[in-house]
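The values are calculated or read from the model by the stated rules, or taken from the named source; none is laboratory data. Small disclaimer: the values here were computed from a predicted structure and weren't measured. We place every Cβ from the backbone using ideal geometry, glycine too, and count neighbours over all the protein chains shown. What goes into the accessible areas is simple: the full protein's heavy atoms, side chains included, and nothing from ligands, DNA or RNA. Shrake-Rupley method; radii C 1.70, N 1.55, O 1.52, S 1.80 Å.
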Amino acid sequence: MKIKMPLLAILLRQTLPASLIALPVGCLYVMFTRNVLNWQNPWMALFVLAHSIAIASSLGRFGSPNFAFLYTRGYSRDELWAHKMLGTALCVLMVWSPIALMLWLGVRSAVQDKMFVSPYFPIMMTREAPVPWFWLGGYAILLPLFHYVWIRRAQPLRGENGIVLLAVGVVIVIGILMSFRWHPRWFRALVYTLSAVMIITTLVAGRMLHRDLEVH
Amino acid sequence: MSEAAIRTEGLGRDYGRHHALESVNLAIERGRVVALLGPHGAGTTTFLRLLVGLLEPTNGRSWVLESPSRALPEQIAAKIGYMGDADEPPPWSTIKQLMCLQAESSAEFDRAFFERSMTARELAPASRYGSLSKGQKKWVRAALVLAGRPEIMLMDEPAEGLDPSARQSLYDELRDHVTEGEATAVVATHVIGDIERIADDAAVIDHGRVIAHAALEDLREQVREVQLPADEQMPEFGDSIELLGSRVASDTRLVWVRCAIGSLSELEQSLPAGSTVRSANLETFYLALTQHNSNGRDNDAKEKPK
């Protein structure tokens, strides 16, 4: 499938407000938080959650006249879905990459050292290096799920609020898992496996249901 | 008979308890311009949205270019030009962006035509859609559809808000494209005078049902408006004359009838002295079908399949 740049540009523009807000918020938080960041940081988890909801809702307004226009430009449903996923990935990378680079290139640790004389300065860069991958993992789990929720809610037979509850349940489970301090190795492997299964399932189901959704 | 470009079988759509469209059976041949007429809320918009696959039918099915509307493959989707009445691009999009968006999906996109159309209305490529007037917005959307050179054009109120010269240009272009490109157009409109000029067929929807679908040529030949003195009894018509509707207006009674071929003389014989008979235009035909007539009979009760 060929990438249609004008379609991608329009979809990315839809998510621009979310990116424009998320980028400075994320960068400022990472720059000025004085504690060593780890994957259990609740504020960054909330940030990833809010950003994912914003992206999914900007690309899932199937009741808006803009989407009815877009969905009748001669693109097939599969093309539209593929470009939506590509747009989502680019939108995440636009926000995630600068934040991750700030950690990896030592910008954060330098700011913490120079501005706040942080005692954690020497260990910051190495201890925080893997953390952005967890945030990216959060996006990878949440975004296909949220896209699926929006697509499911636009199906011809309404009354699909159960899917919203399911998504809320997943978010709560993630929150509970994040609060555990020590995970045995097998448990971690189980969580990774289940996450991968969920990502694949929501992506495949989302693509299939996207063919049937209604645009009002 | 040529192949049907658009076909529906028992197509229906409900919104909750409201039946927006009920069991529509229609076959539209290639190379025709069909005027889709109906009062507000009659179901014309729903019909077009079902054809283009935006909505799921509650009953029945529809096909465009032999592909089911709800599962249009890439190559068929690219051959359909749809202009919804209320569907609009985002206000921040520029005319150039919209042109690129349409050109990317339409292999036959006529960029020169689109640019000419914009220049004719003094619209710059960098103009934002949201900053345009209502008529200009319609013009841009209509030009996008026409420039795509689609095989099927489904347009909902394309001329509403356009000035008379823009309306004329739009319909002339549409007619030319259908004639030259062997395309098919279904145009839902309330401005009947304009569409009558270019349409081949008319389909009338009322209360979610297709109450008439006929070639305009046949309508012109068969439909007559009869003017009777108001105090005259309604004449008895034979089997070859179908009463479409009637209305009392000041001191006259207007009666609309459809005569079978060769039965015009029978009509004239059945009328009382002082009656006049005129050919009916599309608007008269439409009013006859959709207005509640004066003898209390609801016109939508009588279905007239083609």
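The residues of the range B:148-247 expose, per residue, 38 Å² of accessible area to a 1.4 Å probe. Residues of the range A:1-34 whose accessible area (probe 1.4 Å, heavy atoms of protein chains only) drops by at least 40 Å² once all protein chains are present, relative to their chain alone: A:6, A:10, A:13.
Taking trypsin sites (Lys or Arg not before Pro) that fall in a DSSP loop and have at most 13 other Cβ atoms within 10 Å as cut points, what is the longest piece of chain A between them? Segment A:35-157 is the longest. Taking the dipole about the Cα centre of chain B, with the C-beta of Lys and Arg at +1 and of Asp and Glu at -1, give me whichever of B:90, B:267, B:208 is farthest to the positive side. About the Cα centre, the residue reaching furthest to the positive side is B:90. Solvent-accessible area of the range A:30-109 (1.4 angstrom probe, protein heavy atoms only): carbon and sulfur portion equals 72 percent.
Taking A:104, A:135, A:186 as the candidate residues, the one with maximal mean-square fluctuation in a Gaussian network model of chain A, Cα springs under 10 Å, is A:186.
Using +1 at the Cβ of each Lys and Arg and -1 at the Cβ of each Asp and Glu in the range A:22-146, identify which of A:58, A:135, A:40 lies farthest towards the dipole's positive end. Ranked along the dipole, the leading option is A:58.
Chains B and A together bury roughly 2500 Å² of accessible area, counting both sides, with a 1.4 Å probe on protein heavy atoms only. In this structure, residue A:189 and residue A:33 have a Cβ-Cβ separation that, at R0 = 45 Å, corresponds to a calculated FRET efficiency of about 0.90.
Working from the Cα coordinates of chain B, the gyration tensor eigenvalues give, after taking √(5λ), semi-axes of 38, 21, 17 Å in decreasing order. Of B:177, B:18, B:190, which is the most mobile in a GNM of chain B whose springs link Cα atoms less than 10 angstrom apart? Between B:177, B:18, B:190, it is B:18 that shows the largest mean-square fluctuation.
Rolling a 1.4 Å probe over the heavy atoms of the protein chains gives chain A an accessible area of 50 Å² per residue.
Roughly what % of DSSP beta bridges within the protein assembly as shown run antiparallel, to the nearest 5? Intermediate results must be reported in sequence, preceding the final value.
On the way: 41 of 58 bridges.
So the antiparallel bridges in the protein assembly as shown amount to around 70 percent.
Computed over protein heavy atoms with a 1.4 Å probe, the carbon and sulfur contribution to the accessible area of the range B:1-125 reaches 48%. Using DSSP H assignments, which helices in chain A have an axial alpha-carbon span of 30 Å or above and a mean Kyte-Doolittle hydropathy of -0.5 or higher? Taking the DSSP H segments of chain A (at least 30 Å long, mean hydropathy at least -0.5), we get A:5-32, A:77-104, A:131-153, A:185-210. Placing a label point 7 Å from the Cα of residue B:113 along the Cα-to-Cβ line, the residues of the range B:165-198 whose backbone N sits under 11 Å from it are B:173-183. Given a 1.4 Å probe and the protein chains all in place, what does the accessible area of residue A:53 round to, in Å² to the nearest 10? Near enough 70 Å² of accessible area.
Looking at the range B:4-207, the DSSP beta bridges with both ends there are about 50 percent antiparallel. Contact order for the range B:4-207, expressed relative to its length and based on alpha carbon pairs under 8 Å spaced 6+ residues apart, stands at 30 percent. Across every direction, the projection of the convex hull enclosing the Cα atoms of the protein assembly as shown has a mean area of 30.2 nm².
Ligands, DNA and RNA left out, the accessible area of the range B:217-290 computed with a 1.4 Å probe is 44% carbon and sulfur. As an equivalent ellipsoid, the range B:217-290 spans semi-axes of 18, 15, 10 angstrom, where each value is the square root of five times an eigenvalue of the C-alpha gyration tensor, largest first.
Between A:144, A:122, A:98, the residue with the greatest mean-square fluctuation in the GNM of chain A (Cα pairs under 10 Å linked by springs) is A:122.
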